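A short write-up of the structure that comes next.
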Amino acid sequence: MTGVERVVVVGAGVAGLTTAVVLAEAGLAVHVVAEEIPGVTSLAAGAMWGPYLVEPKAKVDEWSRRSLEVFRELAGDPATGVRLTSGIEASRTAEVPPEWATTLPDHRPCEAAELPPGFTAGYRFTVPLIDMPVYLGYLLRRLEATGGTVEERRVPSLAQAGPADVLVNCSGMGARELAPDGDLRPIRGQHVVVENPGLTEFFSEDTGTSPELLCFYPHGKTVVLGGTAVEGEVGLARDDEAAAGILARCAEVEPRLAGARVLDHRVGARPTRAAVRVEEERATVGARVVHNYGHGGAGVTLSWGCAGEALRLAL
Ligand SMILES: Cc1cc2nc3c(=O)[nH]c(=O)nc-3n(C[C@H](O)[C@H](O)[C@H](O)COP(=O)(O)OP(=O)(O)OC[C@H]3O[C@@H](n4cnc5c(N)ncnc54)[C@H](O)[C@@H]3O)c2cc1C
């Protein structure tokens, strides 16, 4: 026996909900407290499995691999919103594929004829794509089916999230105030969602550190088009100029996207720091605290791996 019975998870983004599911399925009484259910940044993700804007590498590799195993299983059930999808990551300059992609079993270099005009290299592979509104709904249902409970409430401090034996801090950018953690910084990202004109494959450009990204992820009837990665305090209001740029970049690579009906705009702030923080902090708030935040541009990719580590720390 560990003496841990009741756990409160602060945050209902992909980090909080996945952690809550893992803890509840391990037999703990789990209560989630969050200002937004589900978390806005998690809703805005594309989402593709693949580490981006996140450190430290060794841990990221381990956590990503664990999540990949789980997403492959979830892809068998359409209700999860997870699909194994083939597609291309291409570059106008680099010849080298992203290292993580080379670990995928069906990874191969593209033939020149497979690449859009202007691209010099590309790699084809199959990865999980995650339709975030559907997936976050699935996680909520799975949590509630195990007896977990959810409460919509902003907490001014971790101490006011309890009572609990363990508090798990999955508050994303909110950890700046709650931890408190001055190292966390937002990297704003925007997506445009359109009606799917018949795409079945994803595309992503290796744009390096550019704030203008180019990717599209088909999710059945919709396609999520990206994107942007803008450092700093720029708010979460929709930027029409950024949306127009996203649509133009994507349509240049995939002409079927030109004129596709726009259904939605999604904006989030990637919670970024020098290293993802999954660790226990000795109690200053009357309960043990386990932090799980700072996942940058890879919170979906890391979610199951980090949740497993949070469970080990909680116990
Ligand atoms: C445009 C875009 C594209 C992305 N694409 C991908 C991708 O393809 N693959 C990938 O792996 N990742 C991607 N990401 C990154 C991913 O979305 C994030 O890393 C992830 O969503 C972070 O999840 P989170 O649960 O930590 O944060 P959030 O989703 O922000 O959730 C935080 C939760 O904490 C709650 N909270 C905060 N403060 C308080 C408080 N004081 N009191 C109560 N509740 C509080 C919030 O209400 C919310 O419920 C993308 C991000 C963006 C913006």
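Derived scalar couplings between HN and Hα for the range 221-231 equal 6, 10, 10, 9, 10, x, x, 9, 8, 10, 6 Hz in order, rounded to whole Hz, by the Karplus curve 6.51 cos²θ - 1.76 cosθ + 1.60 (θ = phi - 60°), x for Gly and Pro. Converting phi to 3J(HN,Hα) with the Karplus coefficients 6.51, -1.76 and 1.60 and the offset θ = phi - 60°, the range 99-113 yields 4, 4, 5, 6, 7, 7, x, 9, 5, 8, x, 7, 6, 4, 5 Hz in sequence order, with x at every glycine or proline. May I ask for the angle, rounded to the nearest 10°, between helix 132-145 and the longest principal axis of the chain, with both axes built from Cα atoms and the value confined to 0 to 90°? That works out to roughly 30 degrees. Given R0 = 45 Å, the distance between the Cβ atoms of ARG238 and ARG282 translates into a calculated FRET efficiency of 0.60.
Think of the chain as a dipole: +1 on every Lys or Arg Cβ, -1 on every Asp or Glu Cβ, centred on the Cα centre; then among GLN160, LEU311, LEU43, GLN160 lies furthest on the positive end.
Would you mind classifying the range 53-114 by shape? Square roots of the alpha carbon gyration tensor eigenvalues, ordered a ≥ b ≥ c; an a/c under 1.5 is rounded, otherwise it is prolate if a/b is larger than b/c and oblate if not.
In terms of gyration-tensor shape, oblate.
Measuring nothing but how far apart in sequence close Cα pairs (under 8 Å, 6+ apart) lie, relative to its length, the chain scores a relative contact order of 27 percent. Taking all protein chains together and rolling a 1.4 Å probe, HIS31 ends up with roughly 30 Å² accessible.
Looking at the chain as a GNM with Cα springs under 10 Å, which of ALA244, ALA47, ALA179 has the largest mean-square fluctuation? With Cα springs under 10 Å in the chain, the top fluctuation among ALA244, ALA47, ALA179 is at ALA244.
The label point for ARG153 and the one for GLU177, both projected 7 Å from the Cα toward the Cβ, are 1.6 nm apart. Against the main long axis of the alpha-carbon atoms of the chain, helix 14-25 sits at an angle near 50°.
Can you tell me the FRET efficiency between ALA248 and ARG108 if r is taken as the Cβ-Cβ distance and R0 is 25 Å, rounded to the nearest 0.05? The value I calculate is 0.25. Once backbone amide H atoms are built at 1.01 Å from N, VAL9 has HIS31, VAL32, VAL33, VAL168 as its partners under 5 Å, excluding neighbours fewer than 5 places away on the same chain.
Assuming a ≥ b ≥ c are the square roots of the Cα gyration tensor eigenvalues, decide whether the chain counts as rounded (a/c under 1.5), prolate (otherwise, with a/b larger than b/c) or oblate. Taking the square roots of the gyration eigenvalues as a ≥ b ≥ c, the chain is prolate.
The accessible-area ordering, largest first, of the residues THR85, THR207 stands as THR207, THR85, per a 1.4 angstrom probe. Taking GLU35, GLU241, GLU73 as the candidate residues, the one with maximal mean-square fluctuation in a Gaussian network model of the chain, Cα springs under 10 Å, is GLU241. A Förster radius of 25 Å combined with the Cβ-Cβ distance from GLU195 to ARG141 puts the calculated FRET efficiency at roughly 0.45.
Distance between the 7 Å Cα→Cβ label points at GLN160 and GLU69: 4.1 nm.
Give, as ranges by residue number, the residues of the range 244-281 whose backbone N falls under 17 Å from the point 7 Å along Cα→Cβ of THR2. Under cut-off, by backbone N: 278-281. Ranking GLY189, LEU225, VAL300 by Cα position along the charge dipole of the range 163-315, where only Lys, Arg, Asp and Glu carry charges on their C-beta atoms, puts VAL300 farthest toward the positive end.
Ordered by 1.4 Å accessible area with all protein chains kept, LEU184, LEU247 run largest first as LEU247, LEU184. Principal-axis analysis of the Cα atoms of the chain puts helix 299-314 at an angle of about 20° to the longest axis. Take 251-258, 209-216 and order them by the average number of nearby Cβ atoms within 10 Å per residue, most first; the result is 209-216, 251-258.
The values are calculated or read from the model by the stated rules, or taken from the named source; none is laboratory data. These figures come from a predicted structure and were not determined experimentally. Every residue, glycine among them, receives a Cβ derived from its backbone with ideal geometry; neighbour counts consider all protein chains shown. Note: areas computed on protein heavy atoms with side chains; ligands, DNA, RNA excluded. Shrake-Rupley method; radii C 1.70, N 1.55, O 1.52, S 1.80 Å.
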